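Reviewing the structure listed below.
The values are calculated or read from the model by the stated rules, or taken from the named source; none is laboratory data. Bear in mind the structure is a predicted one, so any value in this text is a computation, not a measurement. Quick reminder, even Gly has a Cβ in these numbers, built from the backbone with ideal geometry, and neighbours come from all protein chains shown. For the accessible areas, the whole protein counts, side chains as well, though only heavy atoms, and no ligand, DNA or RNA atoms are used. Shrake-Rupley method; radii C 1.70, N 1.55, O 1.52, S 1.80 Å.
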2 protein chains.
Amino acid sequence: MATSAGAAALDLPPRPIDPPSVVQLAADAIRSMILAGELRPGDRLVEERLTALFGISRPPLREALRLLQHEGLVVRAARRGAMVAPLSEQDVHEIVTLRHAYERLAIELGVPVLDPSRLERCREALQSMADAAHRDDRAALVEASFSFHLAVVALAGHRRLEEAYRSLYFQMRLCMALNTSIRTERYETLQDNVERHRRLLELIERADQEAVLAELQSHGDTTFLAQVQGQTTCPGKVG
Amino acid sequence: MATSAGAAALDLPPRPIDPPSVVQLAADAIRSMILAGELRPGDRLVEERLTALFGISRPPLREALRLLQHEGLVVRAARRGAMVAPLSEQDVHEIVTLRHAYERLAIELGVPVLDPSRLERCREALQSMADAAHRDDRAALVEASFSFHLAVVALAGHRRLEEAYRSLYFQMRLCMALNTSIRTERYETLQDNVERHRRLLELIERADQEAVLAELQSHGDTTFLAQVQGQTTCPGKVG
DNA sequence: TGTTTGAATATTGTCTACAATCTACCATAA
DNA sequence: TTATGGTAGATTGTAGACAATATTCAAACA
């Protein structure tokens, strides 16, 4: 491994090697299973079974479960084990309202944009979205939309906000993962979805904070709330 | 332990016994040490030393450190250990802006108050504050003020918001724990502090959301921001 | 038939021990 | 003097084992 002195001698930027821990890998694997619908809200997450599945020991698996608990994807009860977090209407309400508060704060602090590299990151994410829509690849569009929203929140340069938003977004994706029935109804084309996000980015580029906030107000919530029909699932909005 | 059937036979409400885990106790102990100033930002938290100090094994101690990491009081780097979270101006800025966003959301969702028991909880906390001020007990006032603010946020009946606010509040208390120098300057008397909170509660009771938001806007932030002077510490505002 | 008790099984919580990695220090070579 | 290599000690990461607790089921009792 090159030391920083070595990197300076080579005139290269540091490129730290950062092998993921078993804890991180296990958490990532479980999160993927949850978001892919392999594990559903209420499903038990039995430590012994997961350790057998992943071929790891229990202490790091327990740490992974705590990570996921912190992200809101898993609930644990002392001495009774863990399960995938259930989703009630109240949960959906909380997720949506909190998401809105985070986005609002991000725009209040981040628009006008102080650092052009942050804006560039939004543009790259939008381009990824456009590419995915062009390929008619919905899954890639979901991923790129996630990146776009993270990049918008990152405009504020507020690490705590970004971390909180990221955890919350996983919970939103869990809502979306449950909507296989509604998923088949297309509320908008992939292209329209991209254009909606492009409009948001244009307002950000214009540094029109009020307009951005207004656009975010209608970006999902109003249409979302109209779709809350006593279901415990979250209707599909890609972004 | 009485089962729920047993409780029904005795006509008593359930009274679950819930022994704290070693993980919880260790996290509580470390948090207390941090908030009491025994551990300062940047101090290393060496697992082997903490296990010796507490007389517990390392895996649950590691789980405790992860809990504290999620609360923002501790930072960990893979394979390099943990330390008490450093506090820069940026950290202070993040804590304050995020706190404001949480409080704002709580008031937007929680005022007018839908559940009178939530309001009663605010009143009890304010009474505890008044009692503490009467006894000239600043430490108790800090605790009661914490309870008051949690109770205000709890008006919204939004569990995610409460949990997020609680973690953030520990970080604010870490800021305050550093202000021993400024602590000796009394920006207001304890009585004035209580009155300030009483005024906030009165506005809440009047269900005047706009007024509450305006009062919160001036509750700490404006005076706080005037005190940011290139210090990496957070000036003292009890509440 | 409904309730209680006891035993077996499943699972969680924590401990001990080993492996891997990092840091500090010293000796040697350029 | 600076850079490199090697070693020892400190610390973190994880595996495996034991203890404690919860759940389930069957038998006994009212």
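Taken over segment A:10-63, the residue count meeting the criterion of being part of a loop (DSSP other than H, G, I, E, B), within 9 Å of DNA strand D (Cβ to nearest atom) and over 25 Å from residue A:166 (Cα atoms) is 3.
For segment B:104-117, name all the residues that are more than 10 Å from every other protein chain (Cβ to nearest Cβ) and surrounded by fewer than 19 Cβ atoms within 10 Å (Cβ to Cβ). Across segment B:104-117, the qualifying residues are B:112, B:113, B:114, B:115, B:116, B:117. Of the conditions (1) within 9 Å of chain B (Cβ to nearest Cβ); (2) open to solvent by 30 Å² or more (accessible area, probe 1.4 Å), residue A:63 satisfies every one except a single condition; which number is it? Only one criterion in (1) within 9 Å of chain B (Cβ to nearest Cβ); (2) open to solvent by 30 Å² or more (accessible area, probe 1.4 Å) is unmet by residue A:63, namely (2).
All of B:36, B:52, B:101 fail the test of being open to solvent by less than 60 Å² (accessible area, probe 1.4 Å) and of a type in the set (Gly, Ala, Ser), apart from B:101. Evaluated against (1) more than 11 Å from chain B (Cβ to nearest Cβ); (2) closer than 21 Å to residue B:62 by Cβ, residue A:36 falls short on exactly one condition, (2).
Of the set (1) at the interface with chain A (Cβ under 9 Å from one of its Cβ atoms); (2) touching a helix residue (DSSP H, G or I) at 6+ places or on another chain (Cβ under 7 Å); (3) of a type in the set (D, E, K, R), all apply to residue B:76 but (1).
So, in segment B:48-60, how many residues would count as being under 11 Å from residue B:29 (Cβ atoms) and within 14 Å of another protein chain (Cβ to nearest Cβ)? The number of residues fulfilling the criteria is 1.
Scanning segment A:74-98 for residues that are crowded, with 17+ Cβ neighbours inside 10 Å and more than 16 Å from DNA strand C (Cβ to nearest atom) yields A:87, A:91, A:92, A:94, A:95, A:96, A:97, A:98.
Sub-8 Å Cβ pairs linking a first residue in segment A:72-92 that is among the polar types (S, T, N, Q) and in a loop (DSSP other than H, G, I, E, B) to a second residue that is away from DNA strand C (no atom under 16 Å from the Cβ) and open to solvent by 20 Å² or more (accessible area, probe 1.4 Å), at least 6 apart or interchain, are A:88/A:232, ordered by first then second residue.
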